[in-house]
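Report on the following structure.
The values are calculated or read from the model by the stated rules, or taken from the named source; none is laboratory data. Bear in mind the structure is a predicted one, so any value in this text is a computation, not a measurement. Cβ placement follows ideal geometry from the backbone for every residue including glycine, while neighbour counts extend to all protein chains displayed. Heavy atoms of the whole protein, side chains included, go into the accessibility calculation; ligands, DNA and RNA do not. Shrake-Rupley method; radii C 1.70, N 1.55, O 1.52, S 1.80 Å.
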Amino acid sequence: ADSYAAKEALKTLNSFYKPALKGQFPGVVGRLTVGKSNRQDVINTIGEPSISRKHADDFDLYSANMGNPGYAISYKLNKIREIRYFGTNVERQTNIGGITMKMLKQNWYAPASTTTFKNGGITQTKLTYHRGAYKLEFIFNSSTDLDHINLLKK
């Protein structure tokens, strides 16, 4: 990978480190906190979902567009239970698409846990990092293909 893309991907990776301690993601969604913010806070902050959940346990989906990241958000007792971060759909190699397992382990050391599971026809690997009361889960389709990042309470 070219060094500019790798540097940008590392910057993106490191932008998740501190906000996670507060149960937040970087960027505009950073005004929302897992376990504290409710669905109305989310709508007030990032708008109506592209696809609304059908059941209380489902995720509201927010599509990536115009260089903005995509998200999926689920709730428990009307508070955010989990935020999934899909990254931006442009310049993917400088965004989360450029983050590799090797980069993660070199910069954030060994994960608290690594699990492999089947999602449809794809085998995915989840690297979990604890940040205070929260955890970040990096879901990879392969060692060099980061699908999304989850943020939830431990």
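The residues of segment 88-128 that are among the hydroxyl-bearing types (Ser, Thr, Tyr), modelled with pLDDT of 90 or more and under 28 Å from residue 28 (Cβ atoms), listed by number, are 100, 128.
Of all the residues in segment 70-129, those that are aromatic (Phe, Trp, Tyr) and under 14 Å from the mean Cα position of the chain (by Cα) number 4. Among residues of segment 36-52 that are over 11 Å from residue 75 (Cα atoms) and open to solvent by less than 50 Å² (accessible area, probe 1.4 Å), those with a Cβ under 9 angstrom from a residue that is modelled with pLDDT under 95 and among the small types (Gly, Ala, Ser), sequence gap 6+ or separate chain, pair up as 49/63.
Yes/no per residue for (1) open to solvent by less than 70 Å² (accessible area, probe 1.4 Å); (2) touching a residue at least 40 places away in the same chain (Cβ under 8 Å); (3) of a type outside the set (Ser, Thr, Tyr):
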{"residue": "113", "(1), (2), (3)": "yes, no, no"}
{"residue": "122", "(1), (2), (3)": "no, no, yes"}
{"residue": "131", "(1), (2), (3)": "yes, yes, yes"}
{"residue": "136", "(1), (2), (3)": "yes, yes, yes"}
{"residue": "149", "(1), (2), (3)": "yes, yes, yes"}
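Under the condition of being more than 13 Å from the chain's Cα centre (by Cα) and open to solvent by 70 Å² or more (accessible area, probe 1.4 Å), which residue from segment 1-19 is farthest from residue 98 (Cα to Cα)? Selected residue: 18.
Within segment 22-35, being polar (S, T, N, Q) and surrounded by fewer than 21 Cβ atoms within 10 Å (Cβ to Cβ) holds for one residue alone: 33. Please work out if residue 61 is open to solvent by 70 Å² or more (accessible area, probe 1.4 Å) and more than 21 Å from residue 17 (Cα to Cα). Here the answer is no, as residue 61 does not meet what is asked.
For residue 80, the criteria (1) farther than 18 Å from residue 25 by Cβ; (2) in contact with a Gly (Cβ under 7 Å, 6 or more places away or on another chain); (3) among the β-branched types (Val, Ile, Thr) hold in every case but one, which is (1).
Would you confirm whether or not segment 23-30 contains a residue that is at pLDDT 95 or above and β-branched (Val, Ile, Thr)? Outline the logic, then answer.
Filtering segment 23-30 down to residues at pLDDT 95 or above leaves 23-24.
Filter again for β-branched (Val, Ile, Thr), leaving none.
No, segment 23-30 contains no residue that is at pLDDT 95 or above and β-branched (Val, Ile, Thr).
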